[in-house]
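To start, the structure under review is shown below, and the notes come after it.
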2 protein chains.
Amino acid sequence: MLNIVRRRTSQFINCAIKQFGTVSNEVPLSKDRYQVKRNPYATVADSDLTHFEDILPNPNQILLGLDETAGYNRDYFKYVRGLGEVVLRPRNTSQVSAILRHCNRRKLAVSVFGGNTGVCGGSIPVFDEIVLSLERMNEIESIDEYSGILECEAGCVLGKLEEKLNEKGMTMPLDLGSKNSCQIGGNLATNAGGIRLMRYGNLHGSVLGLEAVKADGTVVDLMSRFKKDNTGYHLKHMFIGSEGTLGVITRVAIACPTAPTTQNVMFLGVANYGSVLRTFLECKKRLGEILTSCELIDSDGFDCCIQHLKRPSPIGEFPFYMLIETTGSNSSHDEEKVQDFLEHALSTGTVGDGVVTNEPSKMEDLWQLRERIPDGTFSNNFCLTYDLSLPLGNFYDIVPAMKQRVGHLVKLVCGFGHIGDSNIHLNIAGDELTPEIQQLIDPFVYEFTSKLKGSVSAEHGIGLLKPKYLKYSKTAEAIMLMQRLKAIMDPNGILNPYKVIR
Amino acid sequence: MLNIVRRRTSQFINCAIKQFGTVSNEVPLSKDRYQVKRNPYATVADSDLTHFEDILPNPNQILLGLDETAGYNRDYFKYVRGLGEVVLRPRNTSQVSAILRHCNRRKLAVSVFGGNTGVCGGSIPVFDEIVLSLERMNEIESIDEYSGILECEAGCVLGKLEEKLNEKGMTMPLDLGSKNSCQIGGNLATNAGGIRLMRYGNLHGSVLGLEAVKADGTVVDLMSRFKKDNTGYHLKHMFIGSEGTLGVITRVAIACPTAPTTQNVMFLGVANYGSVLRTFLECKKRLGEILTSCELIDSDGFDCCIQHLKRPSPIGEFPFYMLIETTGSNSSHDEEKVQDFLEHALSTGTVGDGVVTNEPSKMEDLWQLRERIPDGTFSNNFCLTYDLSLPLGNFYDIVPAMKQRVGHLVKLVCGFGHIGDSNIHLNIAGDELTPEIQQLIDPFVYEFTSKLKGSVSAEHGIGLLKPKYLKYSKTAEAIMLMQRLKAIMDPNGILNPYKVIR
């Protein structure tokens, strides 16, 4: 009955661990690349393996040796490489609990592994941490179409959940390019955002309950299935976005909206940033409740993308392009709203040119113009990418500022992203990343963001790559509070060490 | 330009502290009524008052003596009465910080006071706690219509914020009957729900940032203005719903949707609970993105309400009534969707009769049939009220079960509430609340809810009245984690003592 119109999958981040072969020597070890010193954890002994075999009796629940564990020691982006020689794949919460209880007692460090689609090295071991992979905990426990609630295990792949929900006329409140690999537990652990956030809000709003296992093996059952539950502290939020450092999320209850049955995608050309802002405001007013995404692309990012895709532009040349999506429940109503918005935008001159479609393949084509930009920029020898939240008034300022600093030394500086969520991606690409270029970029981006009280990691999290930049978006008091929380949740520091806070 | 159609205000909970005169002797002191033993805090000395005078130099920032502080020692519902003789009314965060630093050093207990619209005695002193009232911190700092963000101080009254937002075509994501008294800081501290939750989600989703002061006076600045900010632990959620026991919320940044310009209200008669569920599912599908509220009223609650209001029923007699509201951005689109839904519901027989209107006064009249039920039930000599979240499959079972237990001993057992959020209010009213009746009700309601893994306090929180019922909705591990959090945030236990966890 429902017409599920979109399967938006970027080649760029739609990776699966199966794609990895043995670890390439080309990727430097994280410990060397990021100069990490090993904490004095124990190392895995034969007696530990015997114990793990007792906990995990089924075939292939334990992988041993760097050959078998290669896919768990490296990320898709080649940012990180670890040396974890033990991978444990529990099938239920009791097994997770028993594993952690043992590791905590023995002071064995643990790296928590989901779908391996993160971009900050948050789920890959740095040294010889034991890898705890949730992939076998992938059962959908219930889908209730009346209350709109999904309950499942943490290892469920996002795309599978979407499929099952679609059968009942429901949809996941989040959608990511990596949906065919990423797991819902990892989505929660990283507070994943994605392209529906503007419409359905973030996971702190959508997640009704979760179950997590603390470092000492204690199972904390917070599996509320209710939108309203004001009984004491709202503990589940501690785990959402903590990147596996405060506990391992094992089960999830999530509020899922009624699936929309209609969709429209517009691709617009805009003459300047002032008009971009006016267009955004106008689409909020005129599209109202059907507005789902509002994306900005600058001309450099756009040109790079169409060259990479070897496709012509659907419209004339403009300094800025906007991609606006609506989803709703009545196609003629939606089309009227879209036409009204477009007529207004074109007649007032805020938009110079544009196309609109509700044909699935054409919508997909338009979305590729936004989603494949990273593929284009990453096809250069080097590409630095920053994921920033900035106030809309200064949203695009970082791009000309960066061009002025390094434009003559690199091939490309471009900005694009979710303007509807104040989230810009700044990519800088070229032939050779010299120390000179790096130094012109790195402190500047963070200081620029910090001055505007922006976020130095909007969607991507902190992981292994960004702990030293935390100070640009978090006050000393907040970082101290984080450390206090870590200390009570994981006093031995065995969970995802070297990540988020060091 | 915008037509702000609803000003929904229940006489029942639209209270202001100014309504209180001196404390009536009729209301027993909380310490006696709930058998609370005073913790060994210090008592206020003259030197403390001198210190407070230094911190708060402006007139009327300090109120002294039970006459002056009467309004801060009693709640509207006459559940609680305290003996706080010192009320402090800071004007900024620095003053809050200085007050708490001093109180913490001196081990003086502090009760945090907002708009005094709570229903669990969470903001009223139990003994001689110092009352910290946020009422003078009521400045709106900024409203950004582009990004849709409001920044303000915690003492701002919700209704005032709504007014100011409406002027810019925006709306608050929450609406409460008490909006002309309640303060946004208190809304956050209690994670207030309300009648728009189904549409705009809860405060954990809407709040972008906050500033809070810890018990020791440390200011924790978490004033992010971004929907996406994944830099470290999401600390703000610790304060949301912690009822002032982990810190005092002083400033807020909140995402505010574009205000709808159209509204429809339906009032429907339904023959049985099965049809109620089918109607709910159908309205989610057919009304889609414009569905804002879906409320259930049983015939006993309804009859009590119309008798109290001395008004005829707008439709024939039914076992159940549903009130469904839509809001949107295009009146003809909305009306078409509403008509389509109604035609389907009436032709398939899931709905027996109904009225629909978009006239403001008539919509208000229909809403009164839902919102004034408590007024009716509370006009009895006694009325016990329970605020439960229950799975929709068993949502209404508690009402016939309770009727069977005490129906012959009381005048009224009725159920009504936000079926769209799985939140039912169970009210039991009569002439005299004997220990026999109380015993038949009190453990039963909580045990019934606990068996279904429901929430024993959906919207209202725990406050002073419900700590002993926490165990019915929270596991031992979760309660232990709450205690650990309390210990690191407020080691001397000075903030809102006796509330939430004892």
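The values are calculated or read from the model by the stated rules, or taken from the named source; none is laboratory data. Source: prediction; values computed, not measured. Ideal geometry is used to build each Cβ from the backbone, glycine not excepted, and the neighbour counts take in all protein chains shown. Accessible surface areas use protein heavy atoms only, side chains included; no ligands, DNA or RNA. Shrake-Rupley method; radii C 1.70, N 1.55, O 1.52, S 1.80 Å.
Sequence-distant contacts, meaning Cα pairs under 8 Å at least 6 residues apart, place the relative contact order of region B:347-476 at 27 percent. Pairwise Cα distances in region B:257-381 exceed 27 Å in 17 percent of cases.
Relative contact order of region B:207-287, please, whole-number percent, based on alpha carbon pairs below 8 angstrom and at least 6 residues apart. With pairs under 8 Å counted, the relative contact order is 32 percent. A simple charge model with +1 on the Cβ of Lys and Arg, -1 on the Cβ of Asp and Glu and nothing else charged puts the dipole of the protein assembly as shown at about 2180 debye relative to its Cα centre. To the nearest 0.05, how large is the calculated FRET efficiency for B:Glu317 and A:Tyr146 if R₀ is 25 Å and r is the Cβ-Cβ distance? Once rounded, the FRET efficiency stands at 0.45.
Between B:Thr43 and B:Glu343, the contour length at 0.36 nm per residue exceeds the alpha carbon distance by 101.3 nm. Whole-percent P(r), region A:363-458, all Cα pairs, 5 Å bins from 0: 3, 13, 25, 24, 19, 12, 4, 1, 0.
Of all aspartates and glutamates in the structure, the ones whose alpha carbon falls short of 16 Å from that of B:Lys107, not counting any fewer than 8 places away in one chain, are B:Asp46, B:Asp48, B:Asp128, B:Glu129, B:Asp216, B:Asp490. Using only Cα atoms, what Kirkwood radius does region A:152-299 have, in angstroms? About 17.1 Å, per the Kirkwood formula over Cα pairs. For the pair B:Glu336 and B:Glu436, label points projected 7 Å from Cα toward Cβ lie 6.2 nm apart. Once the Cβ-Cβ distance of A:Lys471 and B:Asp67 is raised to the sixth power relative to R0 = 56 Å, the FRET efficiency obtained is 0.65. With all protein chains in place and a 1.4 Å probe, the accessible surface of region A:252-308 carries 48 percent carbon and sulfur.
Stokes-Einstein diffusion for region A:52-195, with the hydrodynamic radius set to the Kirkwood value over Cα pairs and evaluated at 4 °C in a medium of 1.567 mPa s, equals 81 µm²/s. Centre-to-centre separation between the Cα atoms of region B:139-161 and those of region B:324-374: 31 Å.
In Å², and per residue, what accessible area does the protein assembly as shown have when probed at 1.4 Å with the other protein chains present? Accessible area per residue: 35 Å². By the rule of a C-alpha distance below 23 Å, with chain neighbours fewer than 8 residues away ignored, the lysines paired with B:Lys451 are A:Lys227, A:Lys228, A:Lys236, B:Lys403, B:Lys466, B:Lys468, B:Lys471, B:Lys474. Taking the Cα centre of chain A as origin and assigning +1 to Lys and Arg Cβ atoms and -1 to Asp and Glu Cβ atoms, the resulting dipole is close to 1220 debye. Region A:190-258 and region A:382-399 have Cα centres spaced 29 Å apart.
Taking all Cα pairs closer than 8 Å and separated by 6 or more residues, the relative contact order of chain A comes to 16 percent. Going from the isolated chain to the complete set of protein chains, region B:226-259 loses at least 40 Å² of heavy-atom accessible area (1.4 Å probe) at B:Phe226, B:Lys227, B:Lys228, B:Asn230, B:Thr231, B:Gly232, B:Tyr233, B:His234, B:Leu235, B:His237, B:Thr258. Rg and Dmax of chain B, both derived from C-alpha coordinates alone, stand at 22.9, 75 Å.
Measuring nothing but protein heavy atoms, the accessible surface of region A:420-502 at 1.4 Å probe radius is 53 percent carbon and sulfur.
A straight Cα-to-Cα reach below 13 Å connects B:Lys310 with the aspartates and glutamates B:Asp365, B:Asp375, residues fewer than 8 places away in its own chain not being considered. Summing both sides, the accessible surface hidden between A and B at a 1.4 Å probe radius is close to 7400 Å². The base-10 log of I(q)/I(0) for the protein assembly as shown, evaluated at q = 0.05, 0.06, 0.10 Å⁻¹, reads -0.30, -0.44, -1.26 [Debye formula, identical scatterers on Cα atoms, solvent excluded].
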